[in-house]
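These notes concern the structure reproduced below.
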Amino acid sequence: MFRLYCLDCKETISIWPEFILPYQPELIDTHERVLVENLEGKPVKEIAEEIGYDPRSISRWIKRALNQALFIAPGLSQTNKILSL
């Protein structure tokens, strides 16, 4: 992670590597795998058992990604695909 200081606004800006999400110790590949498997219909509990995480963490990742997607593209809420939480 790199930190830059803006002389104009007096703020420190963090630049994260592409493969890490801010404040998440897991690689982005792990989060992506969880999302893809859930969208393919695999239950959260089964995904959690396979990768060794608490199902509540997995559900939180999925909900966060869904909320971000809906914020970026509100029309997604009208699709027929429902996450199996």
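The values are calculated or read from the model by the stated rules, or taken from the named source; none is laboratory data. Bear in mind the structure is a predicted one, so any value in this text is a computation, not a measurement. For neighbour counting, all protein chains shown are included, and Cβ atoms are generated from backbone atoms with ideal geometry for every residue, glycine included.
Can you name every residue in the stretch 42-74 that is more than 9 Å from the chain's Cα centre (by Cα) and among the polar types (S, T, N, Q)?
Going residue by residue through the stretch 42-74, those that are more than 9 Å from the chain's Cα centre (by Cα) are 42-59, 67, 69-74.
Correct list: S57, S59, N67.
I'd like the residue in the stretch 33-72 that is on the phi < 0 side of the Ramachandran plot and outside any helix (DSSP H, G or I) and, out of all such residues, is surrounded by the most Cβ atoms within 10 Å (Cβ to Cβ). Give the derivation first.
Taking the stretch 33-72 as the starting set, the residues that turn out to be on the phi < 0 side of the Ramachandran plot are 33-40, 42-51, 53-72.
From what is left, the residues that are outside any helix (DSSP H, G or I) are 40, 42-43, 53-54.
Details: E40: 8, K42: 14, P43: 14, Y53: 16, D54: 9.
Here the answer is Y53.
Go through the stretch 1-47 and report how many residues are among the aliphatic types (A, V, I, L, M), modelled with pLDDT of 80 or more and closer than 17 Å to R64 by Cα.
6
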